[in-house]
1. Heavy-atom accessible area per residue, the range 120-264, 1.4 Å probe: how many Å²?
2. Can you tell me which of GLY65, GLY75, GLY118 moves the most in a GNM of the chain? Springs connect C-alpha atoms under 10 Å apart.
3. On C-alpha positions alone, give me the angle between the axis of helix 246-263 and the longest principal axis of the chain, in degrees, nearest 10.
4. Please report, in cubic angstrom per residue, the volume enclosed by the convex hull of the alpha-carbon atoms of the chain.
5. Okay, helix-only estimate at 222 nm for the chain: each DSSP H run of n ≥ 4 adds -39500 (n - 2.57), divide by all residues, round to 500 deg cm²/dmol; what do you get?
6. What share of the DSSP beta bridges in the range 100-174 is antiparallel, in percent to the nearest 5?
7. I need the shape label for the range 148-190. Rule: rounded when a/c is under 1.5, else prolate if a/b > b/c, else oblate, with a, b, c from the alpha carbon gyration tensor.
8. Can you tell me the Rg and Dmax of the range 64-194, counting just the alpha carbons, in angstroms?
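The values are calculated or read from the model by the stated rules, or taken from the named source; none is laboratory data. Quick caveat, the model's predicted, so the values are computed rather than measured. Accessible surface areas use protein heavy atoms only, side chains included; no ligands, DNA or RNA. Shrake-Rupley method; radii C 1.70, N 1.55, O 1.52, S 1.80 Å.
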Amino acid sequence: MTLVTTERDDAGIVTMTLNAPETRNAISDMPMIEAILAALTEAQADPEARVILLTGAGAAFSSGGNIKSMSPGQGLVDKVPAITRRNYRAGIQRLPLAFEDCDLPIVAAVNGPAVGAGCDLTLMCDLRIAGASATFAESFVRIGIVPGDGGAWLLPRVVGFARASEMALTGDTIDAQTALSYGLVSRVVPDDELLNEARAIAGRIAANPGHAVRMTRRLLRQAYNRDLSVTLELSSAMQALAHETDDYTKTLAAMRARIEKSRS
């Protein structure tokens, strides 16, 4: 079975689907981690790719950790704590770094539960669209562990420190409408409209010049974690490159032509 399927359409939208419904798309096992990383690398290297749409097959977006592989000696967990630490660094912690390093905007279409590491996977994306039945839980504390995949860094940056603390310390599940009020998702749509709505948003992103989209995504990510002076320097460097692209030249010429036509 292909654990992550990918398909790019003519608009440059790469649909990436977690394809392990038998584990509710758990992402903690190494084969799934490697499959996600490979799909990201493939999309990143594709010059025709403009945006990634990430979703899950079946009834869940992702159940996060695979409970069957969380006993000592299985999966990331070793009987020796030092080895478990190395396993996390070489395993699931590669995901937030890869998502951060990707130049392509990533839209999560959250179908059903996004639990633990599955919730954090949505936080690694730039936009989150939820189906009405979607739920979210930063549930690590419920089984006596901590967010080992970067969730303690990701969640406060999306929902704020107080709400992140409530979610992480209680482990409570929130529904799609609560997620919307928290700013965790940007919109909630009927389940049967989820993929169409996510594709429509991805399409509006993909319609823009590709170089500008990639650089804007990179700039937003860098700016969020830098002070103003560093951001301004990075912005000027990227803008200098953007002004030299064919996309910019052609788009500007087309806009000028439309303006001149409207005046005549």
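1. Numbers: 8340 Å² over 145 residues.
Using a 1.4 Å probe on heavy atoms only, each residue of the range 120-264 averages 58 Å².
2. Maximum among the listed residues: GLY75.
3. 50 degrees
4. Working: hull volume 40.8 nm³, N = 264.
Measuring per residue, one finds 154 Å³ for the Cα hull of the chain.
5. -15000 deg cm²/dmol
6. Values: 2 of 9 bridges.
Taking every DSSP beta bridge with both residues in the range 100-174, the antiparallel ones total about 20 percent.
7. Values: a/c = 1.97, a/b = 1.65, b/c = 1.20.
Note, shape of the range 148-190 comes out prolate.
8. 14.9, 47
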